[in-house]
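Take a look at the structure below.
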Amino acid sequence: MAEYRAGFVSIVGRPNVGKSTLTNALVGEKVAITSSKPQTTRRAIRGIVHRDHGQLILVDTPGLHRPRTLLGERLNSLVQSTLGDVDVIAFCVPANEPIGPGDRYINEQLDQYPRAKKVAIVTKTDATSKSKVAEQLLAVSQLREWATIVPVSAPRGEQLEVLVDELLTLMPESDQPLYPAETLTDEDVTDRIAEFVREAALEGVSDELPHSIAVTVDDMIERDDKDLVEIYANLIVERDSQKGIIIGKGGARLREVGATARTQIEQLLGRKVYLALHVKVAKDWQRDPKQLGRLGF
């Protein structure tokens, strides 16, 4: 009988290479928010992949990058502290973009973590031709000695089981699972709700705005008489002009954000939701240590 293996995998790569999409596809449920905007992920989110012969705890990290704000520095240090504790570091490179300075920068950073085995994942294979995927596999193989290199398409589910099997063979043996079978993430419900609101707010906004958006959940009230959960949340931005963008003409944009987020929150909670959103300005919060602390960074 094959021995049971369990351990931690940190998924790294520059912003917007498909790390969160891959995490969700492997877990089989949405545990990390996704967006076409870089640096969507701001916490080390753990998704848990269960198989009969093992368990993978996936840590989806913020994209490693050269930081420009105090928030950026704290996100980088979060990634670095995460990488010090994992069994495998999985480095994602998209199939449809040439290897660039950002990829090389991260590849160099991996030398700081000699304990972890290194795996390369070529993502977004559905977005380019087979010959381009082959070229990228060759280019990635020349970056360093990898324990394995796996090309995948998370949206199409291609090669995901191959990746899970490869990762499990690299995990330490374990007497038992590290998490119970029904656990898919160790993110608490309030954090997941805040993230769904932030994801909805990120869609369709201009490039400079995503980094300026934070979300807090002030209150959750269960109304058993109506089988309803009331949720009161704040969208926090850095300037009054950004507040106007989020609210939109006559509040239309904010209503859209609320409707999109509410659909996902209702799926998560399995109940009807009343969602009240307020937009607040916290001037330059990304650069302010006190405000970052209050927002959990």
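The values are calculated or read from the model by the stated rules, or taken from the named source; none is laboratory data. None of the values given here were measured: they were computed from a predicted structure. Note: ideal-geometry Cβ built from the backbone for every residue, glycine included; neighbour counts use all protein chains shown.
The table for this structure:
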quantity	calculated
Hey, residue 179 outside the structural domain of residue 60 (by TED's automatic domain parsing), part of a loop (DSSP other than H, G, I, E, B) and out of contact with any helix residue (DSSP H, G or I) (no Cβ under 9 Å at 6 or more places or on another chain) or not	yes
Qualifying residue in the stretch 174-184 (condition: more than 30 Å from residue 219 (Cα to Cα) and either loosely packed, with under 13 Cβ neighbours inside 10 Å or at pLDDT 95 or above (or both))	yes
Candidates 229, 189 - the one that is in contact (Cβ under 8 Å) with a residue 60 or more places away in the chain and closer than 22 Å to residue 31 by Cα	189
Qualifying helices (runs of 4 or more DSSP H) (wholly inside the stretch 189-297; at least 3 residues being farther than 30 Å from residue 81 by Cα)	240-247, 252-269
